[in-house]
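What follows is a set of notes on a single structure, which appears directly below.
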Amino acid sequence: MLLGEKLFFDKNLSSPPGVACATCHTPSAGWTNSNSEDNLLHGVSSGAVRGRFGNRNAPTISYAAYIPAGPPVFDSAVSAFVGGLFWDGRANDLADQATFPLQNPNEMNNVAHNLGDPAMVVQEVSRGQTGQLFMQLYGDGVFSRPTADLFNLVTGAIAAFEQSTEVSPFTSKYDAYLLGKVTLAPAEMEGLRLVTGSETGRPGGPPHAKTALCVACHGIPSDPSQGPDLWTNTCYANVGAPRNPNNPYYRQTNAVTDPLGYNPEGSDYIDLGLGGSYYPTLGLPPGNFGPGSDGRGDYLAINGTFKASTFRNAGKRPGAAFVKAYLHNGVFKSLKQVVHFYNTRNLTTAPGEVIDFTRQNPYEGLQGAPLWPSPEYLSADTLQNPSGLPGSAGGQVGNIGLTDKEEDDIVAFLNTLSDGYFRRN
């Protein structure tokens with residue numbers, strides 16, 4: 001684990017040096033992006049090369065060790081695809097995941113001749129601060145091994161650290177509450193009841209007066225002995241998040257300066273999520289659209305869907321002034337904003353008016369102004385609760401009917417899931 005930790009925090013593994021895994025996954029920010037200004041202004045992380053940005057918000061790696069291995073598979077129990085890492089499930093496990101940012105030109109940029117180059121990573125390790133530790137662990141002649149073997153040792157070591165209790169310690173106030181060490185404040189307890197829809201705070205308990213239906217995607221077992229409370233089902237869903245107009249990726253259109261990471265679609269780019277990565281594994285183009293498609297379009301209903309991240313450490317940040325970015329494109333900047341969006345996505349400024357996204361033109365004839373911009377991927381086939389059913393009728397997103405105080409109670413509960421509240425023996 002020590003080797004993996006040193007590699008994780010090593011800023012010399014990028015080209016040019018300056019960006020480590022920990023740059024976009026820092027402990028004090030809940031293992032997400034360490035740059036508050038980037039979060040606020042862009043919503044995505046800047047890479048090693050000045051002016052380049054990734055196309056998505058950096059997901060947390062906390063508790064990623066518990067995510068089912070990929071590739072994603074359809075789970076009839078939750079009626080969705082589950083498993084795999086990244087927002088789109090394209091990595092099978094943590095070791096596989098580590099290979100991507102190291103070779104991404106918009107991230108750590110170990111690229112030669114327009115291709116990701118593991119040899120650049122291995123070379124930096126061999127002559128850097130971790131080289132001696134490598135030889136202590138694997139023998140003095142370790143760096144004479146084939147590059148592919150050495151690169152696997154690097155990514156495997158990083159994965160070992162990400163599987164450690166340092167990254168997933170279960171030391172939040174909520175965990176202390178489960179152990180009987182502390183009582184949740186009234187607002188926190190009410191938030192827990194709203195999230196689970198249960199008086200006991202466990203799914204399946206006596207119904208609470210109101211539910212926010214969060215556990216449909218961010219679930220925990222009804223019986224705590226069945227496993228840890230991960231606060232995610234790792235399922236993929238299209239919650240209708242609006243596009244992030246401040247994402248610099250829309251403007252990264254120069255194929256000469258960024259041949260691997262540029263955006264050929266410019267401002268027309270739409271992130272297809274799971275549909276962008278999964279269809280190519282079936283020999284089809286992203287989204288199953290355009291040349292090479294089989295004519296069935298999005299027959300799996302996965303375009304625009306992204307993995308439901310864990311609630312754990314969602315509110316953790318190094319200070320009150322630190323800004324975090326939320327959802328796959330970083331469009332939201334606070335938990336309150338996220339909860340309010342989930343609560344009101346289908347509503348307008350006209351009291352009682354509900355936007356029905358199953359209509360051909362859902363915005364035609366509205367009396368009020370929509371509270372939110374249009375979903376980035378607007379499809380009634382994949383959008384959660386497209387017609388805007390109220391929460392009381394099972395509408396999971398868009399018209400839940402929470403009051404402002406109830407939104408605040410949910411935020412109060414989410415903040416109890418930040419690790420570091422206590423130390424385990």
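The values are calculated or read from the model by the stated rules, or taken from the named source; none is laboratory data. Because the structure is a prediction, the values reported are computed rather than measured. Here the Cβ positions follow ideal geometry from the backbone for every residue, glycine too, while neighbour counts run over all protein chains shown.
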Taking region 28-37 and keeping residues buried (at least 20 other Cβ atoms within 10 Å of the Cβ) and in contact (Cβ under 8 Å) with a residue 24 or more places away in the chain leaves Ala29, Gly30, Trp31, Thr32, Asn33
Scanning region 378-405 for residues that are of a type in the set (D, E, K, R) and within 26 Å of the chain's Cα centre (by Cα), the one nearest to Ala209 (Cα to Cα) turns out to be Asp404
In region 249-263, anything at pLDDT 95 or above, surrounded by fewer than 17 Cβ atoms within 10 Å (Cβ to Cβ) and outside any helix (DSSP H, G or I) is listed as Thr253
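When you look at Val323, is it within 29 Å of Asn33 (Cα to Cα), out of contact with any Cys (no Cβ under 8 Å at 6 or more places or on another chain), among the hydrophobic types (A, V, I, L, M, F, W, C) and touching a residue at least 12 places away in the same chain (Cβ under 8 Å), yes or no?
Yes, satisfied.
In region 98-112, how many residues are assigned to a helix (DSSP H, G or I), within 17 Å of the chain's Cα centre (by Cα) and touching a residue at least 40 places away in the same chain (Cβ under 8 Å)?
Here the count works out to 2.
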For region 199-221, the count of residues that are over 26 Å from the mean Cα position of the chain (by Cα) and either under 23 Å from Lys405 (Cβ atoms) or in a helix (DSSP H, G or I) (or both) equals 8
Of the residues in region 402-425, those that are buried (at least 16 other Cβ atoms within 10 Å of the Cβ) and in a loop (DSSP other than H, G, I, E, B) come to Leu402, Ser418, Asp419, Tyr421
- Scan region 222-237 and give yes if some residue there is touching a residue at least 40 places away in the same chain (Cβ under 8 Å), small (Gly, Ala, Ser), outside any loop (DSSP other than H, G, I, E, B) and more than 30 Å from Asp298 (Cα to Cα), otherwise no. no
Exactly one of Val78, Val121, Val82 is of a type in the set (A, V, I, L, M, F, W, C), touching a helix residue (DSSP H, G or I) at 6+ places or on another chain (Cβ under 9 Å), farther than 20 Å from Gly30 by Cα and surrounded by 21 or more Cβ atoms within 10 Å (Cβ to Cβ), and that one is Val121
Within region 276-308, restricting to residues that are in contact (Cβ under 8 Å) with a residue 60 or more places away in the chain and assigned to a helix (DSSP H, G or I), the one that is surrounded by the most Cβ atoms within 10 Å (Cβ to Cβ) is Tyr278
Exception for Lys11 within (1) surrounded by fewer than 24 Cβ atoms within 10 Å (Cβ to Cβ); (2) in contact (Cβ under 8 Å) with a residue 60 or more places away in the chain falls at (2)
